[in-house]
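Below: the structure, in structure tokens.
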Amino acid sequence: MDLKAEISRLKKVKNAVILAHNYQVPDVLDVADFIGDSFNLAERGLEVDADIIVFCGVSFMAETAKILTPHKRVLLPSLAAICPMAAMVDVATVRFLKKEHPDAAVVSYVNTTADVKAESDICCTSANAISIVNSLPNKKVIMVPDKHLSAYVAAHTDKEIIAPKGFCYVHSKILPAAVNAAKAEHSNAEILLHPECPAETLAMADQILSTAGMLRYVMDSDNDEFIIGTEEGMIDVLQRNAPTKKFYPVGGVCVQQKKVNLERVYDALNEEKNEIFVDEEVARKAFDAIQRMLKAGRHD
Ligand code: 13P
Ligand code: SF4
């Protein structure tokens, strides 16, 4: 069976759209109606005109789409596609931090579960973390769960940042040695790094950007060569949009994002299975935090 043709047919019959994160495998990107970063996908989830969203990414992204559009059915092709960093902070930890710091605002990275978002004043993504924190009236900000993103924000604000010790196992392994080695081989290449990387690596960046920010930067740049410090799948997205430019990856693979494949997209859509549900009360509170973030816009 030609899976791509069959998925296309099913999309029409079922009035479904496929949203895919930039780290998805090329076959999945091929069938996607929209490809983007976490901010783009949250925005698109809200706007999309369809009965079914097949969300090719990890579970927090599908949950965000469901929270924004509760009347649509959201399917996640692999229910095992769970961001390990999002599992590094729970509601009890956020409540404890709120008790310890009652005057602090709570900013949750979009890489969190719905119930953590529901405990938050506002969400952020890699595209707007600094501006969201700086926009808050509070002097103190609890920022969960990524210690590297929080350190990056802390370096660009006067606010006191309280952060637990979560991390992305892919980005935290992008170390200065790898960037140095790539730069030694490709001296003209610009270094684009994701803010989930450690501070010592970010110190080497020409630009610190979300994944969609990297794509926009590459498309607008006169430069032809780039060292890319994020999950390796980003290279496929950059290469298909800028086929004449050269990209040198220094990031590894996110196993969880790669749990989605063409067969699973087909099965999810064909059987309408792996539907995502979010508790109504949790969704109502989380909606406010996500909406505030969307209203603030992106700043990368
Ligand atoms: P963005 O694509 O939003 O920059 O996030 C990267 C990421 O790690 C998502 O899981
Ligand atoms: Fe989570 Fe990192 Fe994978 Fe993104 S790349 S889904 S932050 S583990």
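Computed over segment 89-156, the Cα gyration tensor eigenvalues convert (square root of 5λ each) into semi-axes of 17, 14, 10 Å, ordered from largest to smallest.
Model label points for Met1 and Glu272, set 7 angstrom from Cα along the Cα-to-Cβ axis, are 1.7 nm apart. The slack between Asn138 and Asn15, meaning 0.36 nm per residue of separation minus the straight C-alpha distance, is 39.9 nm. Do any trypsin sites (Lys or Arg not before Pro) in segment 157-192 lie in a DSSP loop with no more than 11 other beta carbon atoms within 10 Å, and if so, which? Those that pass, being in a loop and sparsely packed, are Lys165.
Taking all Cα-Cα distances within segment 158-285, those exceeding 26 Å account for 39%. The Rg/Rh ratio of segment 125-184, with Rg taken over Cα atoms and Rh as the Kirkwood radius over Cα pairs, comes to 1.07.
Just for segment 1-150, what percent of DSSP beta bridges are antiparallel, to the closest 5?
Numbers: 0 of 18 bridges.
Beta bridges within segment 1-150, antiparallel portion: roughly 0 percent.
To the nearest 10, the accessible area of His71 is 150 Å² with a 1.4 Å probe. The length gained by stretching the chain between Val253 and Ser8 to full extension, at 0.36 nm per residue less their Cα-Cα distance, is 85.4 nm.
In the complete set of protein chains, residue-level accessible area for His21 is approximately 10 Å², probe 1.4 angstrom. Excluding same-chain neighbours fewer than eight residues apart, the aspartates and glutamates reachable from Lys98 by a Cα-Cα span under 16 Å are Asp90, Asp115, Glu119, Asp121, Glu160. Beta bridges per DSSP, both residues in the chain: antiparallel share near 5 percent. Computed over the Cα atoms of segment 1-40, what is the convex hull's projected area averaged over all directions, in nm²? Directional mean of the projected Cα hull area for segment 1-40 stands at 3.0 nm².
If you take the alpha carbon atoms of segment 230-298 and fit the smallest convex hull around them, that volume is 167 Å³ per residue.
Each of Glu100 and Glu263 was given a label point 7 Å from its Cα along the Cα-to-Cβ line. The distance between the two points is 4.5 nm.
When peptides 117-128, 144-155 are ranked by their average number of other Cβ atoms within 10 Å per residue, the highest-first order is 117-128, 144-155. Looking only at segment 271-300, which residues have a backbone nitrogen under 13 Å from a spot 7 Å from the Cα of Asp220 in the C-beta direction? Flagged as within label range: 298-300.
Our summary gives the chain a relative contact order of 24 percent, counting only alpha carbon pairs under 8 angstrom and 6 or more residues apart. Given in Å, the Rg to one decimal and the Dmax to the nearest whole number for the Cα atoms of the chain are 18.8, 59. Peptides 285-292, 47-54 ranked from most to least packed by the mean count of surrounding Cβ atoms within 10 Å: 285-292, 47-54.
Annotation for Tyr169 and Asp27: the two label points, set 7 Å from Cα along the Cα-Cβ direction, are 2.4 nm apart. What's the long-distance tail for segment 14-160, i.e. % of Cα pairs beyond 23 Å? The share of Cα pairs beyond 23 Å in segment 14-160 comes to 38 percent. Using Cα centres only, tell me the gap between segment 111-164 and segment 194-210 in whole Å. Spelled out, the Cα-based centre of one part sits 17 Å from the other.
The values are calculated or read from the model by the stated rules, or taken from the named source; none is laboratory data. Just so it is clear, the model here is predicted, and its values are computed rather than measured. Because the Cβ atoms are built from the backbone with ideal geometry, glycine has one as well, and the counts that use them run over all protein chains shown. What goes into the accessible areas is simple: the full protein's heavy atoms, side chains included, and nothing from ligands, DNA or RNA. Shrake-Rupley method; radii C 1.70, N 1.55, O 1.52, S 1.80 Å.
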